[in-house]
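The values are calculated or read from the model by the stated rules, or taken from the named source; none is laboratory data. These figures come from a predicted structure and were not determined experimentally. Note that each Cβ is placed from the backbone with ideal geometry, even for glycine, and that neighbours are counted across all protein chains shown.
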Amino acid sequence: MANRELVSVIEEIVKAKGIRAEKIISALEFALLAAAKKRFGMAENIQVRIDPKTGEIEVLTLKKIVEVVSDPKGEITIEDARKVDSTAELGDEIGSVVEMEDFGRISAQMAKQVIFQRVREAEWETVYKEYFGREGELVSGLILGQERKNYIVDIGKTEALLPHNEQMPRESYRRGDRIRAYLLEVKKSAKGPQVILSRSHPNLVSRLFEVEVPEIAAGIVEIKGVVREPGDRTKIAVYSKDKAVDPIGACVGIRGSRVQAVVRELRGEKIDIITWIEDPRVFIGEALNPAAVEKVGIDEEKKTALVIVPNNQLSLAIGKNGQNVRLAAKLTGWKIDILSEEEYGKAWSKEKERQIELAIVQEQKEAEAREGIANTSTPDKSDKA
């Protein structure tokens, strides 16, 4: 019996959910098989087939052809089998068609539930395959609402979650707002695949610059590192593989157009763009931008650095609540101590005084030692007498 309505439903699900027709038909066959076994018993050897072109549903009970029937539900005599198929032989299986009306209302309802579950599972699998492996990408979405401080975001084929701990401080959205976010994680759960977004991850800044700066997308300019305190400040280190291309200029753009596009997306977050340099002394000095640096001393074994800045640059170098030096340390991987020229001068004077005192003490010890040697080597006059 042709079922054009069934074919239409399958086509509609394919278009709406993006699920392959083969999966839907498999789900339908599974559902009808479950309903048939509910109706006729689990012991029945039943098969369900659906013609994908016509929608015709064929339900067969399969029985083995034997001489003597010991299991009426699974066996049939050769005589009865040849009434259906004259070519039937012992040991073969033969099927008889079961009319659809025999399913009944309960079986139809059960089939509907199973179909819904299987289609939903197929939909979940499609979503998972669509986004799994795309972690680290930049995605765009539409804010649908908020649940327990977490935003629900429509990103196309599914709804993603922007958790509270992945949001930027003081950031809020309304329903219908469009945002861009970093695809942090895709994982399976009992309620289907979960796509987790982030607006606070440092790599969000990297992806935004990749979009705005063609030289980064082309691989001419490379992002060497990004550190953030979301909502306040970012430091990004860049390097050019082409000496003719200024990495900072490429990221800033004409009249600051490129960097300002990123700043707007991050809602005013300050961005320091720094040239990555292999020499740690120079790189540390650059990382403390916008402060000017006089000199940098390093201890490679301990990976510590002492930075001297002009007196009027000390507060700028340290930053509000230590933010500038903290981000510079994270970016470079060095522990950084900062002194003003005045502080360094005082510390140097104290060190020189300490060294002089040590030298005097050492000289006294050496003089005493020399005097002791001289007394020992001089002969006693009474001995000569």
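Taking the criterion of being assigned to a strand (DSSP E or B) and touching a Pro at 6+ places or on another chain (Cβ under 9 Å), would at least one residue in region 146-160 satisfy it? Write out each step before concluding.
Filtering region 146-160 down to residues assigned to a strand (DSSP E or B) leaves 146-147, 150-154, 159-160.
Keeping just the survivors that are touching a Pro at 6+ places or on another chain (Cβ under 9 Å) gives 150-151.
Yes, that holds for at least one residue.
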Handout entry: Subset of region 168-195 [surrounded by fewer than 18 Cβ atoms within 10 Å (Cβ to Cβ) and aliphatic (A, V, I, L, M)]
Key = Met168, Ala190
Practice task
Within region 133-156, work out how many residues are touching a Lys or Arg at 6+ places or on another chain (Cβ under 9 Å) and either at pLDDT below 90 or of a type in the set (S, T, N, Q) (or both).
Solution key: 2
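Condition check ((1) of a type in the set (A, V, I, L, M, F, W, C); (2) over 30 Å from Ala190 (Cβ atoms); (3) at pLDDT below 75; (4) not assigned by TED's automatic domain parsing to the domain that holds Ala190) across all residues:
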| site | (1), (2), (3), (4) |
| --- | --- |
| Ala31 | yes, no, no, yes |
| Lys38 | no, no, yes, yes |
| Gly74 | no, yes, no, yes |
| Thr77 | no, yes, no, yes |
| Gly95 | no, yes, no, yes |
| Glu99 | no, yes, yes, yes |
| Gly104 | no, yes, yes, yes |
| Arg118 | no, no, yes, yes |
Problem - Residues that are β-branched (Val, Ile, Thr), in a strand (DSSP E or B) and under 23 Å from Glu171 (Cα atoms), drawn from region 200-256 - result: Val226, Val227, Thr234, Ile236
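Pick from Glu222, Glu229, Glu210: which is closer than 20 Å to Tyr131 by Cβ, outside the structural domain of Ala160 (by TED's automatic domain parsing) and acidic (Asp, Glu)? Step through it out loud before you land on a result.
Working: Glu222 fails: closer than 20 Å to Tyr131 by Cβ; Glu229 fails: closer than 20 Å to Tyr131 by Cβ.
After applying the criteria, what remains is Glu210.
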Handout entry: Only one of Ala88, Ala122, Ala81 that is in a helix (DSSP H, G or I) and modelled with pLDDT of 75 or more
Key = Ala81
Problem - Members of region 167-183 that are in a strand (DSSP E or B) and either over 13 Å from Asn150 (Cβ atoms) or of a type in the set (Ser, Thr, Tyr) (or both) - result: Arg178, Ile179, Arg180, Tyr182, Leu183
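Give the residues of region 184-199 that are part of a loop (DSSP other than H, G, I, E, B) and among the aliphatic types (A, V, I, L, M), sorted by residue number. First the steps, then the outcome.
So the first thing to find is which residues in region 184-199 are part of a loop (DSSP other than H, G, I, E, B), and the list is 188-193, 199.
Answer for region 184-199, where residues must be part of a loop (DSSP other than H, G, I, E, B) and among the aliphatic types (A, V, I, L, M): just Ala190.
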Problem - Filter result for Lys187 (touching a Pro at 6+ places or on another chain (Cβ under 9 Å) and assigned by TED's automatic domain parsing to the domain that holds Gln167) - result: yes
Problem - Flag if Glu301 is surrounded by 13 or more Cβ atoms within 10 Å (Cβ to Cβ) and either assigned by TED's automatic domain parsing to the domain that holds Val221 or touching a Pro at 6+ places or on another chain (Cβ under 9 Å) (or both) - result: no
Problem - Pairs, first more than 15 Å from Arg326 (Cα to Cα) in region 283-311, second among the polar types (S, T, N, Q) and surrounded by 17 or more Cβ atoms within 10 Å (Cβ to Cβ), C-beta under 8 Å, six or more apart - result: Ala292/Gln313; Val293/Gln313; Ile308/Ser340; Val309/Ser340; Pro310/Ser340; Asn311/Ser340
Handout entry: Cβ-Cβ under 6 Å pairs, at least 6 apart or on other chains, region 22-35 side in contact (Cβ under 8 Å) with a residue 60 or more places away in the chain and surrounded by 22 or more Cβ atoms within 10 Å (Cβ to Cβ), far side assigned to a helix (DSSP H, G or I) and polar (S, T, N, Q)
Key = Ala35/Ser107
Handout entry: Counted residues, region 47-72 - those being over 30 Å from Lys23 (Cα atoms) and in a loop (DSSP other than H, G, I, E, B)
Key = 6
Fill in the blank from the handout: Inside region 304-325, the number of residues satisfying the requirement of being closer than 18 Å to Glu229 by Cβ, surrounded by fewer than 21 Cβ atoms within 10 Å (Cβ to Cβ) and in contact with a helix residue (DSSP H, G or I) (Cβ under 9 Å, 6 or more places away or on another chain) is 4
